[in-house]
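Just passing along the structure, written as structure tokens.
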Amino acid sequence: MTDSEFYRTLLRAYIDSANDGIFVLCDEMKFHVANPLLQSWLGVSEDFLTQHKSRLPIIDFIGNKESSEQFIRHFEIALTGKPVSFECYIHPTGADARWVEVNLNKVNLDAGEMFIGIARDVTQKKKSDEQIWQHANFDALTGLANRRLFQDRMEQEIKKAHRANLQLALIILDLDRFKEVNDTLGHEMGDLLLKEVAQRLVSCVREADTVARLGGDEFAVILGELEDIDCVERITQTILKKLSEPFDIGEQVIYISTSIGITLYPEDANSFDELLRNADQAMYAAKHQGRNRCSFYAPSMQEAVQHRMRLANDLRITLGALTESFRLAYQPIVELSTGIIHKAEALIRWQHPTRGLINPAEFIPIAEETQMILEIGDWVFHDAALQVAKWRLSHHSAFQVSINVSPVQIQNMTSFNEWFDYLQKLNLPGQSIVIEITEGLLLDANEGVTKQLQTFHKAGIDVSLDDFGTGYSSLSYLKKFNIDNIKIDQSFVRNLAPDSDDMVLCEAMIAMAHKLGIKVIAEGVETAEQRDLLAAAGCDYGQGYLFSKPLPAKEFEVFLNRYK
């Protein structure tokens, strides 16, 4: 064997045993050489590929049109003598599909210009990369785009809308009271609900639109390149309707609703961050308006948010000196049959250093959202308890003070034992304090809320239901939660007149409450006629400006002495 024969044999042995697919093509992309590994990938023999008069082109084995076009583009570059490297998808008939990384070089041989190719199987790497990309860009639970991909799609849609001089809409959705599903039915049921919600959302939008899960129960929809802006309203109304329909999950039927915020590009903003902020603000506005509705962004929302932020910051600073900035005012609750006063409601007031007196309706919601209400509520209880201890000695041995307790306090305070200990320290019975709650708390009541209300009763503390008649709770809640008093909302008292609808409603509420052993307090009593009508109907107590406006503690004492 000559040296040249030896080296040819050695070279062929190397090619045949290589861990990569090795091949040689002519300038027509037809096979001249294909090693055994490549043959196995293509599902044919080398003889079949390289028959002299019917050599097969490699394009016949490419998996799809996109890969074929990509191979031709790179081969044209290789024709110029420049080495190329690219990935290609092959899927021959009767053989497995795979991704290969191809390196192609032009060489000059005695037979003419040839192209030596080395193909490396990267199928597993491709699958791993795909899985990594999938996990990085899609929500594992719902399969929707996640926050990362959502931002990328949003930024791309902004660019497309800018080029086409069109609008786009960003929609943010938050499920109403989703936490109750997790709390009552468990997180597994909550996850199944989120998956169903995702499917319904996708069914409500166009195929080109993006639906994303941003986290928890918050979703987003991008409606891109809008020629007809009216479709945004139609789509959001469809979403509201679709998500309000019952969800049959396992053996459970679940009802939810959603709050939707909408912002438009470029009308409202030009950047991703601004649009997301706007949509969030609009969504929270929809929640504050009563949930299960949509709200379009307006510049006034930004001003309101900034105002709330400043107020929240001031409130946080104020917590360091509660007694200097906060004070309690007391409004008498009069026994209508005797005119005796042995009850009062404590109402918080905030004296802002620059803005003066701030209405509780303005700062209490902020305190609730930021959980500062827990600390403020503690201060209210302690201050009111000290005051009722004084009035029990100086005015009436059974004097009671009502304090308003936020649902946030009931749901987040792990124990009210410290309150009970403080009453004992002051030698006060539980009956000295009345806890006022809203109907909404009963509607949303879970096991923890029920337990806290039972704890109040065990301590002898009465529970009063405020603003009765304006909420949604059923009458069965009055017995279920052992309500001691109901307070008829002032909206029923304001227009009270003989034989009026409000009079009939008040009489019905009073009769119903008495049948259940519940005392009745009428709020907003402003005229002697209202007082007399309520007294004639059997109402137990009245509260309102007819008797007195809320007064600071010292003025309230003067009022009590004068009222005697």
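If you go through the range 127-139 one residue at a time, do you hit one that is of a type outside the set (Gly, Ala, Ser) and crowded, with 17+ Cβ neighbours inside 10 Å?
yes
Does the range 463-476 include one or more residues that are crowded, with 22+ Cβ neighbours inside 10 Å, within 42 Å of the chain's Cα centre (by Cα) and aromatic (Phe, Trp, Tyr)?
Yes: the range 463-476 contains one or more residues that are crowded, with 22+ Cβ neighbours inside 10 Å, within 42 Å of the chain's Cα centre (by Cα) and aromatic (Phe, Trp, Tyr).
Another one. Looking at 521, 510, can you tell me which residue is surrounded by fewer than 22 Cβ atoms within 10 Å (Cβ to Cβ) and touching a strand residue (DSSP E or B) at 6+ places or on another chain (Cβ under 7 Å)?
510
Scan the range 500-520 and report the pairs whose first residue is within 19 Å of residue 434 (Cα to Cα) and whose second residue is of a type in the set (A, V, I, L, M) and in a helix (DSSP H, G or I), with Cβ atoms within less than 8 Å and a gap of 6+ or a chain change.
513/478; 516/478; 518/478; 519/513; 520/509; 520/510; 520/513
Filter the range 285-343 down to the residues that are surrounded by 17 or more Cβ atoms within 10 Å (Cβ to Cβ) and without any contact (Cβ under 8 Å) to a residue 40 or more places away in the chain and list them by number.
285, 286, 295, 296, 297, 301, 314, 318, 325
Listed here are the residues, each with its yes/no results for (1) closer than 19 Å to residue 148 by Cβ; (2) assigned to a helix (DSSP H, G or I); (3) outside the structural domain of residue 162 (by TED's automatic domain parsing); (4) among the small types (Gly, Ala, Ser).
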site: 211; (1), (2), (3), (4): yes, no, no, no
site: 220; (1), (2), (3), (4): yes, no, no, yes
site: 258; (1), (2), (3), (4): no, no, no, no
site: 290; (1), (2), (3), (4): no, no, no, yes
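For residue 340, state whether it is over 25 Å from the mean Cα position of the chain (by Cα) and over 26 Å from residue 171 (Cα atoms).
Here the answer is yes, as residue 340 does meet what is asked.
Tell me the residue from 275, 347, 315, 328 that is within 28 Å of the chain's Cα centre (by Cα) and at pLDDT 90 or above, please.
275
Also: Checking residue 354 against (1) touching a residue at least 40 places away in the same chain (Cβ under 8 Å); (2) in a loop (DSSP other than H, G, I, E, B); (3) over 32 Å from the mean Cα position of the chain (by Cα), only one condition comes out false. Which one?
Unmet condition: (1).
Is it true that some residue in the range 185-204 is outside any helix (DSSP H, G or I) and either touching a residue at least 40 places away in the same chain (Cβ under 8 Å) or aliphatic (A, V, I, L, M) (or both)?
No, the range 185-204 contains no residue that is outside any helix (DSSP H, G or I) and either touching a residue at least 40 places away in the same chain (Cβ under 8 Å) or aliphatic (A, V, I, L, M) (or both).
Looking at 434, 408, which is the one that is modelled with pLDDT of 95 or more and either buried (at least 18 other Cβ atoms within 10 Å of the Cβ) or within 26 Å of residue 341 (Cβ to Cβ) (or both)?
434
Which is over 24 Å from residue 558 (Cβ atoms) and touching an Asp or Glu at 6+ places or on another chain (Cβ under 9 Å), of 430, 377?
430
Hey, another quick one. Give me a count of the residues in the range 87-101 that are surrounded by fewer than 16 Cβ atoms within 10 Å (Cβ to Cβ) and assigned to a strand (DSSP E or B).
Counting residues in the range 87-101 that are surrounded by fewer than 16 Cβ atoms within 10 Å (Cβ to Cβ) and assigned to a strand (DSSP E or B) gives 1.
Just to be sure I understand the filter: pairs with C-beta atoms under 8 Å, separated by 6 or more residues or on different chains, first member in the range 458-474 and at negative phi and at pLDDT below 90, second member part of a loop (DSSP other than H, G, I, E, B) and among the charged types (D, E, K, R). Which pairs pass?
Qualifying pairs under 8 Å: 468/489; 470/489.
Also, I was wondering about something else. Would you be able to tell me the number of residues in the range 3-37 that are touching a Ser or Thr at 6+ places or on another chain (Cβ under 8 Å) and closer than 14 Å to residue 119 by Cβ?
Qualifying residue count for the region: 3.
Are any residues in the range 281-311 in contact with a helix residue (DSSP H, G or I) (Cβ under 9 Å, 6 or more places away or on another chain) and among the charged types (D, E, K, R), and if so, which ones?
293, 308
Filter the helices (runs of 4 or more DSSP H) completely within the range 1-77 down to those with at least 3 residues that are assigned by TED's automatic domain parsing to the domain that holds residue 102 and either crowded, with 17+ Cβ neighbours inside 10 Å or at pLDDT 85 or above (or both).
In the range 1-77, 36-42, 46-50 are the helices (runs of 4 or more DSSP H) which contain 3 or more residues that are assigned by TED's automatic domain parsing to the domain that holds residue 102 and either crowded, with 17+ Cβ neighbours inside 10 Å or at pLDDT 85 or above (or both).
Residues checked against (1) buried (at least 16 other Cβ atoms within 10 Å of the Cβ); (2) aromatic (Phe, Trp, Tyr); (3) closer than 19 Å to residue 292 by Cα:
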position: 172; (1), (2), (3): yes, no, yes
position: 179; (1), (2), (3): no, no, yes
position: 188; (1), (2), (3): no, no, no
position: 192; (1), (2), (3): yes, no, no
position: 209; (1), (2), (3): yes, no, no
position: 217; (1), (2), (3): yes, no, yes
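Take the residues in the range 357-377 that are under 30 Å from residue 395 (Cα atoms) and free of Cβ contacts under 8 Å to residues at least 24 places away in the same chain, then tell me which one is nearest to the chain's Cα centre (by Cα).
Result: 360.
Continuing with this model, one more query. Checking the condition under 18 Å from residue 344 (Cβ atoms) and over 44 Å from the mean Cα position of the chain (by Cα), which residue from 523, 529, 555 passes?
That would be 555, the only listed residue that is under 18 Å from residue 344 (Cβ atoms) and over 44 Å from the mean Cα position of the chain (by Cα).
Quick check: anything in the range 241-252 free of Cβ contacts under 8 Å to residues at least 40 places away in the same chain, in the same structural domain as residue 194 (by TED's automatic domain parsing) and farther than 24 Å from residue 189 by Cβ?
No, the range 241-252 has no match at all.
What single numbered condition from (1) modelled with pLDDT under 90; (2) closer than 20 Å to residue 432 by Cα fails to hold for residue 541?
(1)
Still on this structure: Identify, please: which residue in the range 483-505 is in contact with a strand residue (DSSP E or B) (Cβ under 6 Å, 6 or more places away or on another chain) and part of a helix (DSSP H, G or I) and is, among those, surrounded by the fewest Cβ atoms within 10 Å (Cβ to Cβ)?
490
Quick one: count up the residues across the range 524-564 that are buried (at least 17 other Cβ atoms within 10 Å of the Cβ), among the aromatic types (Phe, Trp, Tyr) and not in a helix (DSSP H, G or I).
Summing the residues that are buried (at least 17 other Cβ atoms within 10 Å of the Cβ), among the aromatic types (Phe, Trp, Tyr) and not in a helix (DSSP H, G or I) in the range 524-564 gives 2.
The values are calculated or read from the model by the stated rules, or taken from the named source; none is laboratory data. All figures in this text were calculated on a predicted structure; none of them were measured in a lab. Here the Cβ is made from the backbone with ideal geometry for all residues, glycine too, and neighbour counts use every protein chain on show.
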